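Each remark here refers to the structure printed beneath this line.
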Amino acid sequence: MGSIALRGICKSFGGIEVIHGIDLEIANGELVVFVGPSGCGKSTLLRLIAGLERPSSGLIEIDGRDVTRLGAADRGLAMVFQSYALYPHMTVRQNLSFGLENLRMPKAEIAARVAEAARMLAIGDLLERRPAQLSGGQRQRVAIGRAIVRNPTAFLLDEPLSNLDAELRGTMRAELAALHDRLGATMIYVTHDQIEAMTLADRIVVLRRGRIEQVDTPLNLYNRPANLFVAGFIGSPAMNLFRTEARGGRAVLPGGIDLPVPADGPVVLGIRPQHLHPAGPDEAGIPAELRLVEALGAETVLHGITDSGEPLVAVIDGQPAVTRGQRLRLAFDPADMHLFDAGGRRIG
Amino acid sequence: MLPFVLAARVLEPVLALWQRRTGHAGMIAVFLIPNMTIFGIFVIVPLVLNLLYSFTGGAEILLEQRPWVGMQQYERLLDCQNHLQPMTCREDQFWRAVHNTARFVLSQVALMVTVSMITALILNRRIAGRGLWRAVFFFPVLLSPVVVGLIWRWILQREGLLNLIVVRLGGDPVIWLNDRFWAFAAAVGVSTWAHMGFYTLILLAGLQAIPRDLYEAAEMDATPPSRVFWRITLPLLGPNLAVVLVLALIRAVQIFDEAYVLTGGGPGTATMFMTQYIYEVGFASFLRNPGLAAAASILMGGLLVVLTLIQLALSRRAERMRQR
């Protein structure tokens, strides 16, 4: 089992509250990703769950048991640190077995667990090396191995791939996903990389300034962001947003596109760059002047500016024959449009 | 400022000409020569003179008036039936000083490393007034050794502060500095007090260089505090600890000033150390023997060179480990 519940968790540092009443339920076996910009409190929240920080108020439950006042050692969790935190003076084998020795586990059992973790992570030939003799990816594996050998209730991973180069990060991401499937263990994963969040998570927790903005599956976050922050944070490039006034159930976008909206007053209309395409001759579109064309091969990213001076980004499949400075009209299917009220909450 | 400006104006064309003639290597020589000259006059020349003195005899000061005796001074110093019993040695005072120094080094270095380590561990914790405590422990390092010796003599003398407290508490006064055991203990304790701030600082720097993540990983690994110290802190502090050990060792072998002001080497020869022996034989005693003092200082210098080489090797190792 490995269910985790946070109930009204608050955390203050020196009188400044950084986590404001977080409520969250994580089911056994779930891979939940905490994502958000720097300083949003995602790592603090993970450390609170780990027991490395104590909450100012609220409850933390693991498998229904209140562990709020328990130390990190008594929570049955394992953590993979951003810096890996491998003991530099110990070999890989000693790093893996150190925690088990603390539990006074029989030597044969320790050896068996270390061997199994080494086999699982393909680090068997590295066991007698020290961390300084390993590459970044190998250190990452050892750090995960150190967590695995303890057979924890849940794994806590604090930006574990952030020190790796882009190629290795992709490989390790796939390995982590495979590992989660194989172990079936609860994992909480902190990252600021939304690709990691989208590809790994069963559910994503989007945090901002110590508060949860939305908790949902990756695709729901993408398709139905609960507010403007999530809409802007999830998806790359970020969603195009147009502030306008709805009157009589209709709103007008740049280029005179008249759309029905279930609201009156100030609203924000959002359209993802991937949902824009060059308008046909009889199709309504947002006119824009292209300021930058990024040809990526399979797709092309167009950065433009509308006649009313608002930035507009579109991702077009293939390699359209467009150049910087060209004027273009970009159309979209109204069904793909997101609508937010003046307070930034989703209304349609 | 004006004289410096004028000197620069005058020197500039001379140096420019020198650089054109000799190139890069010549300029290196220009900048090194002043320092090397001072180093040569005040270090190399005395060292060579000292070596020459050690091969001469008599009480005369000027070298040309001293007869050449070859290795006699060394033979005299090393002539012993049993080196562990100074009484059996021809130069028994020297061997008493060697024994005292050895006992001093062993006890003082052990005490110094232990106390510095404990202090560094405490000062590394989040305690109230941590900055103030660090300053308090470092302050004695700033004092002149003579001042240190005098302060503690006033505390430990017959009518000193310590006896005042002992008497107030109903005890009998103790003549601390006239008792062989207490005088030696005072020399060890006072020199430890005077220098521990420096070693504490080195160890504190080492402790602060250990990443906090490692302790958090150990916490997640359910590591008991004693095991954290023995298995994580101590090994990672090893290079700093080794540097502290060797520096303290070198310093302890050189012990002179505080101990001399505090006890004057007494009672008897209980606190006479090698440096004091060299000083007294060379300059202070009625029958002074500069050759014998020079030979003793060469032997002590050899020991210090070995210790310094070890210290350098350990410092380099520490640097390599830090860069890893």
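Residues that are without any contact (Cβ under 8 Å) to a residue 12 or more places away in the chain, more than 22 Å from residue A:47 (Cβ to Cβ), of a type in the set (D, E, K, R) and not in a helix (DSSP H, G or I): does segment A:85-102 have at least one?
Looking for residues that are without any contact (Cβ under 8 Å) to a residue 12 or more places away in the chain, more than 22 Å from residue A:47 (Cβ to Cβ), of a type in the set (D, E, K, R) and not in a helix (DSSP H, G or I), one finds none in segment A:85-102, hence no.
Read through the list (1) more than 14 Å from chain A (Cβ to nearest Cβ); (2) out of contact with any Ser or Thr (no Cβ under 9 Å at 6 or more places or on another chain), then give the number of the only condition that residue B:258 fails.
Against the list (1) more than 14 Å from chain A (Cβ to nearest Cβ); (2) out of contact with any Ser or Thr (no Cβ under 9 Å at 6 or more places or on another chain), residue B:258 comes up short only on (2).
With the requirement that a residue be of a type outside the set (A, V, I, L, M) and more than 14 Å from chain B (Cβ to nearest Cβ), what does segment A:89-137 give you?
Going through segment A:89-137, the residues of a type outside the set (A, V, I, L, M) turn out to be A:89, A:91, A:93-95, A:97-99, A:101-102, A:104, A:106-107, A:109, A:113, A:116, A:119, A:124-125, A:128-131, A:133, A:135-137.
Answer for segment A:89-137, where residues must be of a type outside the set (A, V, I, L, M) and more than 14 Å from chain B (Cβ to nearest Cβ): A:93, A:106, A:107, A:109, A:116, A:119, A:124, A:125, A:128, A:135, A:136, A:137.
Quickly run through segment B:57-87 and pick out the residues that are among the hydroxyl-bearing types (Ser, Thr, Tyr) and either assigned by TED's automatic domain parsing to the domain that holds residue B:278 or farther than 18 Å from residue B:298 by Cα (or both).
Selection gives nothing.
Which is modelled with pLDDT of 90 or more and in contact with an Asp or Glu (Cβ under 8 Å, 6 or more places away or on another chain), of B:105, B:69, B:115, B:146?
On the way: B:105 fails: in contact with an Asp or Glu (Cβ under 8 Å, 6 or more places away or on another chain); B:69 fails: in contact with an Asp or Glu (Cβ under 8 Å, 6 or more places away or on another chain); B:115 fails: in contact with an Asp or Glu (Cβ under 8 Å, 6 or more places away or on another chain).
Step by step, each of B:105, B:69, B:115, B:146 is checked, and only B:146 is modelled with pLDDT of 90 or more and in contact with an Asp or Glu (Cβ under 8 Å, 6 or more places away or on another chain).
Restricting attention to segment B:149-177, which residues are part of a helix (DSSP H, G or I) and either modelled with pLDDT under 90 or surrounded by 14 or more Cβ atoms within 10 Å (Cβ to Cβ) (or both)? I'd like the intermediate steps shown before the answer.
The initial filter retains those residues of segment B:149-177 that are part of a helix (DSSP H, G or I), namely B:149-156, B:161-168, B:176-177.
B:149, B:150, B:151, B:152, B:153, B:155, B:156, B:162, B:163, B:166, B:176, B:177 - these are the residues of segment B:149-177 that are part of a helix (DSSP H, G or I) and either modelled with pLDDT under 90 or surrounded by 14 or more Cβ atoms within 10 Å (Cβ to Cβ) (or both).
Just to be sure I understand, how many residues within segment A:181-230 are part of a strand (DSSP E or B) and under 18 Å from residue A:345 (Cα atoms)? Please lay out each step first, then the result.
Let us first name the residues in segment A:181-230 that are part of a strand (DSSP E or B), namely A:186-191, A:203-208, A:211-216, A:227.
Remaining after also requiring under 18 Å from residue A:345 (Cα atoms): A:205-208, A:211-216, A:227.
Matching residues across segment A:181-230 total 11.
Might you check whether a residue that is in a helix (DSSP H, G or I), in contact with an Asp or Glu (Cβ under 9 Å, 6 or more places away or on another chain) and outside the structural domain of residue B:241 (by TED's automatic domain parsing) occurs anywhere in segment B:31-48? Working first, answer last.
Step one: filter segment B:31-48 for residues in a helix (DSSP H, G or I), giving B:31-48.
This time we only want the ones that are in contact with an Asp or Glu (Cβ under 9 Å, 6 or more places away or on another chain), so: none.
No: segment B:31-48 contains no residue that is in a helix (DSSP H, G or I), in contact with an Asp or Glu (Cβ under 9 Å, 6 or more places away or on another chain) and outside the structural domain of residue B:241 (by TED's automatic domain parsing).
With segment A:273-348 as the region, which strands (runs of 3 or more DSSP E) entirely inside it contain at least 1 residues that are out of contact with any Gly (no Cβ under 9 Å at 6 or more places or on another chain), modelled with pLDDT of 90 or more and over 20 Å from residue A:252 (Cβ atoms)?
On the way: elements: A:286-295, A:299-306, A:311-317, A:327-331, A:338-341.
In segment A:273-348, the matching strands (runs of 3 or more DSSP E) lie at A:286-295, A:299-306, A:311-317.
Condition check: aromatic (Phe, Trp, Tyr), under 19 Å from residue B:101 (Cα atoms) and surrounded by 15 or more Cβ atoms within 10 Å (Cβ to Cβ). Does residue B:137 satisfy that? Outline the logic, then answer.
Working: aromatic (Phe, Trp, Tyr): yes; under 19 Å from residue B:101 (Cα atoms): no; surrounded by 15 or more Cβ atoms within 10 Å (Cβ to Cβ): yes.
No.
Tell me whether segment B:217-234 contains one or more residues that are within 22 Å of residue B:201 (Cα to Cα) and either assigned to a loop (DSSP other than H, G, I, E, B) or modelled with pLDDT under 90 (or both).
Within segment B:217-234, not a single residue is within 22 Å of residue B:201 (Cα to Cα) and either assigned to a loop (DSSP other than H, G, I, E, B) or modelled with pLDDT under 90 (or both).
In this structure, does residue B:229 turn out to be in contact with a helix residue (DSSP H, G or I) (Cβ under 9 Å, 6 or more places away or on another chain) and more than 14 Å from chain A (Cβ to nearest Cβ)?
Values: in contact with a helix residue (DSSP H, G or I) (Cβ under 9 Å, 6 or more places away or on another chain): yes; more than 14 Å from chain A (Cβ to nearest Cβ): no.
So residue B:229 does not fit the description; no.
Does residue B:93 count as under 29 Å from residue B:279 (Cβ atoms) and touching a residue at least 40 places away in the same chain (Cβ under 8 Å)? Even if it seems obvious, please write down each step before you answer.
Values: under 29 Å from residue B:279 (Cβ atoms): yes; touching a residue at least 40 places away in the same chain (Cβ under 8 Å): yes.
Spelling it out, residue B:93 is indeed under 29 Å from residue B:279 (Cβ atoms) and touching a residue at least 40 places away in the same chain (Cβ under 8 Å).
Would you please name the residue that is surrounded by the fewest Cβ atoms within 10 Å (Cβ to Cβ), looking only at residues in segment B:184-216 that are assigned to a helix (DSSP H, G or I) and within 14 Å of chain A (Cβ to nearest Cβ)? Please lay out each step first, then the result.
Of the residues in segment B:184-216, the ones assigned to a helix (DSSP H, G or I) are B:184-209, B:212-216.
With within 14 Å of chain A (Cβ to nearest Cβ) added as a condition, the list becomes B:206, B:209, B:212-216.
Working: B:206: 22, B:209: 13, B:212: 11, B:213: 16, B:214: 20, B:215: 16, B:216: 19.
Per the stated criteria, the residue is B:212.
The values are calculated or read from the model by the stated rules, or taken from the named source; none is laboratory data. Here the structure is a predicted model, which means the values were calculated and not measured. Cβ: placed from backbone, ideal geometry, glycine included. Neighbour counts: every protein chain shown.
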